[in-house]
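To start, the structure under review is shown below, and the notes come after it.
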Amino acid sequence: MVKEMTPYERALATLANEEVDELAAYPLACGLQRRLLPGTVTYKEWATDAKKCAQSFVEGYNKWKFPFTVTLEDLSVTAHDLGANVRLDSENTPFVDGHIIHSLEDYEKIQCPDVTKGRTGHLIEMNRLVAPQLKDKSFVIAFLEGPLLTLSQATGAERLFMDMFTDPAPIHKAMEETTKMCCTAVEKIGETGVQGMCWDYLWANYSVLGDTEYGEFEGNKYAKATNEATRKAGLGLGIHNCSDMPHLDTQIKKFGVDVYSLAYYPLVPECPNMTKIIEDGYADNCTIFGNLDPQIFMRSSYDDVVAKTKDLCQEAKTAMCKRGLKSHFVVASGCEVPPDLECKIENITAVMEATHEYGRF
């Protein structure tokens, strides 16, 4: 039997596929953690104040002893700095409500901004504040939108995908700039002291783009550049893809990632469950994060969340045993835990406590 580990020891062992005392667990509790701060901190304050945002991740660790910490804010950060209008309500996740592309010519006007300013600069500063406080306690992974997601957020996804077939040349020009932005950002993030970088490459999804299209507009060139920049910055490479049918061969095997975070949609027959992910070999050289339904944190009781976590632990351990794996799996939500004020904080505790009990080897 493996001796009891600290959260950080468990994270390192999991990444190395070494024996662990129990499965690592990390529900993606990000904006929700503002509720752990003293007083009343609104979502808008949390998303615009680097100190409060950083402290919320520290408080999340203090309460739940997360082996991993992913410093996700929202998916409008880079688009905002490109000039898209982002709506910042008091208690809603920021979202784009004004796009910058109104013609094909507008793609050619996109320029890489100064990433040390604006909301990307805020995110970089937040990571700089988090890293030393969680050093040797939690494995800290920064989070940012990838080049194609950045462009789709600034453009509007429907328009972007239609324009790909109308005239791809201007889109490629814009992608050069968003890729430059992402590469520059990860270089700065590498200076903060965090240990990993998780990119959201959402559109590697068979519901949206096939292999050829995804390869042309991100995978073959632009994601290759951001992945290489991540390694050059000395960071572990992670990808989050909460789509229903992700390009697993491209994003896990071809990209050679260290960490892959994904969701599961049981009503989509083609969506792979955790058993299939592990048994098909995707966890052989990559740590898989997944894949509790984020809605259970809003809608389910404590006991129901415990039961679902127990089932996932058993499913993963069974598949790992068949595949000959020692770890390489983290109990996590398939996407961010809803940061809504009505979300049940006690259900985060339910996942952690259930994993302590049912994730043991």
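So that you can scan it fast, the table gives a plain yes or no per residue for (1) closer than 29 Å to Ser327 by Cα; (2) of a type in the set (A, V, I, L, M, F, W, C); (3) free of Cβ contacts under 8 Å to residues at least 60 places away in the same chain:
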residue	(1), (2), (3)
Glu45	no, no, yes
Asp89	no, no, yes
Asp97	no, no, yes
Ser103	no, no, yes
Arg128	no, no, no
Pro132	yes, no, no
Glu145	yes, no, no
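Quick one: in the stretch 351-361, of everything that is of a type in the set (A, V, I, L, M) and surrounded by fewer than 24 Cβ atoms within 10 Å (Cβ to Cβ), which residue is nearest to Pro94 (Cα to Cα)?
The selected residue is Met352.
Does Gly215 qualify as being over 20 Å from Thr178 (Cα atoms) and out of contact with any strand residue (DSSP E or B) (no Cβ under 7 Å at 6 or more places or on another chain)?
no
I'm checking my understanding of the structure. Among residues of the stretch 1-52 that are under 22 Å from Ala354 (Cα atoms) and of a type in the set (Ser, Thr, Tyr), which one is surrounded by the most Cβ atoms within 10 Å (Cβ to Cβ)?
The qualifying residue surrounded by the most Cβ atoms within 10 Å (Cβ to Cβ) is Tyr26.
Counting only residues that are crowded, with 21+ Cβ neighbours inside 10 Å and touching a residue at least 12 places away in the same chain (Cβ under 8 Å), give me the helices (runs of 4 or more DSSP H) lying completely in the stretch 152-266 with at least 2 of them.
168-189, 222-232
Taking Glu270 as the residue in question, decide whether it is in contact with a helix residue (DSSP H, G or I) (Cβ under 7 Å, 6 or more places away or on another chain), of a type in the set (Asp, Glu) and either over 23 Å from Tyr61 (Cβ atoms) or not in a helix (DSSP H, G or I) (or both).
no
For every residue, the table says whether it meets (1) touching a Gly at 6+ places or on another chain (Cβ under 8 Å); (2) in a loop (DSSP other than H, G, I, E, B); (3) of a type outside the set (Asp, Glu); (4) open to solvent by 60 Å² or more (accessible area, probe 1.4 Å).
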| position | (1), (2), (3), (4) |
| --- | --- |
| Asp304 | no, no, no, no |
| Ala307 | no, no, yes, no |
| Ala319 | no, no, yes, no |
| Ala332 | yes, no, yes, no |
| Leu341 | no, yes, yes, yes |
| Asn347 | no, no, yes, no |
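The values are calculated or read from the model by the stated rules, or taken from the named source; none is laboratory data. In this text the structure is predicted, and so the values were computed from the model without any measurement. No Cβ is skipped: glycine too gets one built from the backbone with ideal geometry, and neighbour counts run over all protein chains shown. Areas reflect the complete protein model, heavy atoms only, side chains present, ligands, DNA and RNA absent. Shrake-Rupley method; radii C 1.70, N 1.55, O 1.52, S 1.80 Å.
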